[in-house]
Amino acid sequence: MATKRRGALPSVVIAGRPNVGKSTLFNRITRSRKAIVTMTPGTTRDLVAEDAEWCGVSFRLVDSGGIFGASDDPLELKVLERGQLGIDSADVIVFVVDAREGLVPPDQAVADLVRKVGVPVVLAVNKLDVRRARNRGLEFFQLGFDLITEVSAEHGTGTGDLLDVVVRLLQNKRPSGRSLSSSGVKTAEELKETAVAIVGRPNVGKSSLVNRLLREDRVMVSDRPGTTRDAVDELLVWRGRHFRIVDTAGIRRPGRVAKGGKIESVSVVVSKRAIERADVAVLLVDAQEGITDQDAAIVGSADKAGCGVIIAVNKWDLMKGIGEEGVREFDELAKRKMKFMEYAPFLHISALTGERVPRLLEAIDKVSEARQHRIPTGELNRFFQKVTAAHPPVSPNRREVRILYSVQSAVAPPTFVCFTNVATSFHFSYVRFLTNRLRDAFGYEGSPIRLHVRRRQK
């Protein structure tokens, strides 16, 4: 049996054979598009989870891959293994079946599996919005479950009734005197999480790194490129800090993604959304392949999104024979290709052996704090007065430009507004100069900086 983390929200796991509508139901309940939905059986491979709430009761909803059904996925056995892991950790299981196809042998196999877990099971008969499916829905009473609800995950019909049953079961399972509301489970400090997206090209070891960070096999790992499809997230508590680690699908060049079909196209979109929502993005690079143009494009997306950035060169255990000179040449070449990201920490790690992985956690914590740092207005203005006195800005028409005063308008990312005596903009090289001086004076390691120029209103 899988163990449950102490203090975690109760787990509600959606199970069933492939293509019965599990991911559609998951997205409907969580009001998200986190789970990838296609007509291809076996689209979902890993355990996709999201916090959900109904009638004041909070729980963790988990979408599992289809099991015991027809699937062309070469990783079908691994999907089954992940599905069983999720089912074993459930407080309540929502067993989804397809009314349009009626009762089929794989449904019976899933029923036997979930019945052995020993937790409440709710049978959700899906796709009853089709008239011809209504009579076939009666077939599922043969499975012998007492709690049966009729739903249409696509249109939302019956999902409220399903959640009423789930919440009632969770309330019956709770220990005496303990609330299942989010306020009763997590403190305000615990709710403050840092979202960390592990990003990179396919097969660079992102899932292996996530498992190493969590010290558990939480996500599926395979030598086959493109194993991860959904953005799978798990909570990591490290030195009192709460990191939401997000394992993303590998991002290839747009031309190759188009050839990969709809599933890969959607996976890449989900990965890019994870970058946009992240506080810190860890770009994972294959040490044997070095920095590629696609790596630069991915990390450029993170910089544009405003999240903190760390560049981690993985599989460094395979580079032991290159010597100190080889290491120096590798780093110089990598930093030349990433010159626009010179503010990002650069680490050599091995997800396989765990080498320098603790340093990665330290870097994530440091970058996350830097991204939130705010400079007092007085100190900021003294800084700009000193810097611009030595290196004054100029306008395109060569008029003298004076920074009259400056403010920090936002954090995450740190954003500064300089009010000047004339309407102008700074040359990109001068903006780079100012941001570099800000880093030298106040840190901001790993965090992009936004600098805007405004004319002071009379």
Worksheet entry | Beta bridges per DSSP with both ends in region 377-455, % antiparallel, nearest 5 | 55 percent
Worksheet item: Cα-Cα over 20 Å: which of LYS315/LYS335; LYS206/LYS272; LYS34/LYS366; LYS192/LYS272; LYS272/LYS339?
Response: LYS34/LYS366; LYS192/LYS272; LYS272/LYS339
Response to the item:
The residues THR248, THR388, sorted from fewest to most surrounding Cβ atoms within 10 Å, come out as THR388, THR248
Response to the item:
Heads up, region 325-385 by the C-alpha gyration tensor (a ≥ b ≥ c square roots of eigenvalues; a/c under 1.5 rounded, else a/b over b/c prolate, else oblate) looks oblate
Worksheet item: To two decimal places, what compactness ratio does region 377-455 give when its Cα radius of gyration is scaled by 2.2 N^0.38 Å?
Response: 1.03
Practice prompt. Work out how much length ALA296 to ALA390 would gain on full extension: take 0.36 nm times their residue separation and subtract the Cα-Cα distance, in nm to one decimal.
Written response: 30.5 nm
Practice prompt. Mind checking which aspartates and glutamates have their Cα closer than 14 Å to the Cα of LYS116? Skip sequence neighbours fewer than 8 apart in that chain.
Written response: ASP88, ASP91
Response to the item:
In this structure, the FRET efficiency calculated for ASP217 and PHE145 from their beta-carbon separation, with R0 = 25 Å, to the nearest 0.05, is 0.25
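Every number in this text was worked out from the coordinates using simple rules, so none of it is lab data. Everything quoted here is computed from the prediction, not taken from an experiment. No Cβ is skipped: glycine too gets one built from the backbone with ideal geometry, and neighbour counts run over all protein chains shown.
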